[in-house]
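The structure appears right after this line, and notes come after that.
Every read-out reported here was derived from the displayed coordinates using simple, explicitly stated rules and does not represent laboratory data. On a predicted model such as this, the values are computed, not experimentally measured, just so you know. Ideal geometry is used to build each Cβ from the backbone, glycine not excepted, and the neighbour counts take in all protein chains shown.
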Amino acid sequence: MEELIQSIKNLAEVYSTNLKGKIEARTEEMKADDNAHYLIYRVLGISLEQGQLIDSYQNTGRFLYKYAGSFLEASATLCLNYKFPEGIKTKVENTIGQRPKTFEIDFLNNNDAIEVKWKDATTDGDHITKEHTRVQVIKNHGYKPIRIMFFYPQRLQAIRIQQTLKTLYAGVDGEYYGGDEAWDFLKAYSGVDLKAILTEIANERTPQDGN
């Protein structure tokens, strides 16, 4: 277990370093950006300084969201592989439609086809159609679709999408876990309390008030 914890810490360090590098590079690039659009910001009551901060945080946010998701999904996969070293990432042929040609399974362990997501804030109805096809294809290949999503969306429409997806999984005898249920499932399935490990790492890196 100590080796696993160290692997997750090393992974965090790699992602943190890469994220900072991306942010610094983009910040430097932005110094040469054409800021003509700030005219419209000013028309809407946003000062030059405010506009610069907004653009900076928007760019930072894009990188942060991408790296946060990739890191958590990679960490969860490390936990799954800790218990099930034979588990693999794989693809299955789309037996229902032509697009996409294949669907990816994040972690295939015997008949368990686990999809690992850190967060899903989509409000696009087409997402339901694609996901319905994906879980049915996986079912047709003889696997059980299992979805674990660690953080639930905040917006009502996105929450409704997730509730619909949960119904879709139940309809093919699959399993869906969101929020706290996802952390609990991973702990029960892999024997690793990933949330506790990440909380310890987070407190070491950025202690909260009172810690």
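The order of 180, 120, going from fewest to most other C-beta atoms within 10 Å of their C-beta, is 180, 120.
Residues whose amide H lies under 5 Å from that of residue 176, counting only those 5 or more places away or on a different chain, are 147; hydrogens are built 1.01 Å from N in the peptide plane. Placing a pseudo-label 7 Å from each Cα along the Cα-to-Cβ vector at residue 66 and residue 141 gives an inter-label distance of 2.6 nm.
Considering only C-alpha atoms, what is the centroid distance from segment 171-192 to segment 1-67, in Å? If you average the Cα positions of each part, the centres end up 32 Å apart. Taken one residue at a time, the phi angles of segment 133-141 give Karplus couplings (6.51, -1.76, 1.60, θ = phi - 60°) of 4, 4, 5, 5, 4, 4, 4, 5, 7 Hz. Gly and Pro are set to x.
Here the Karplus relation 6.51 cos²θ - 1.76 cosθ + 1.60, evaluated at θ = phi - 60°, turns the backbone of segment 182-198 into coupling constants of 5, 4, 5, 4, 4, 5, 5, 6, 9, x, 10, 8, 4, 4, 5, 5, 5 Hz, with x for every Gly and Pro. Among residues other than residue 59 with Cβ under 13 Å from its Cβ, the summed charge is 0 (Lys and Arg +1, Asp and Glu -1).
If only the Cβ of Lys and Arg carry +1 and only the Cβ of Asp and Glu carry -1, the dipole of segment 1-125 around its Cα centre is close to 160 debye. Rounded to the nearest whole angstrom, the semi-axes of the ellipsoid equivalent to segment 1-109, taken from the Cα gyration tensor as √(5λ), stand at 39, 22, 10, largest first. Convex hull volume per residue, computed on the Cα atoms of segment 99-150, equals 75 Å³.
When the Cα positions of 137, 162, 116 are compared along the charge dipole of segment 84-178, 162 comes out farthest toward the positive end, with charges on each C-beta of Lys, Arg, Asp and Glu. For the listed residue pairs 22/91; 130/187; 20/101, the alpha carbons are over 32 angstrom apart in 20/101. Shown in residue order for segment 34-51 are the 3J(HN,Hα) couplings computed by the Karplus curve 6.51 cos²θ - 1.76 cosθ + 1.60 at θ = phi - 60°: 7, 9, 4, 5, 4, 4, 6, 4, 5, 4, 8, x, 9, 5, 4, 5, 5, x Hz (x for Gly and Pro).
Considering only 100, 145, 153, the mean-square fluctuation computed in a Gaussian network model of the chain, springs between alpha carbons under 10 angstrom, is largest for 100. What net charge do the residues around residue 29 carry, taking every other residue with its C-beta under 14 Å from that of residue 29, with Lys and Arg at +1 and Asp and Glu at -1? Local net charge: -1.
Kindly state, as a whole number, the per residue volume in cubic angstrom of the convex hull around the alpha carbon atoms of the chain.
Working: hull volume 37.3 nm³, N = 211.
Residue-normalised Cα hull volume stands at 177 Å³.
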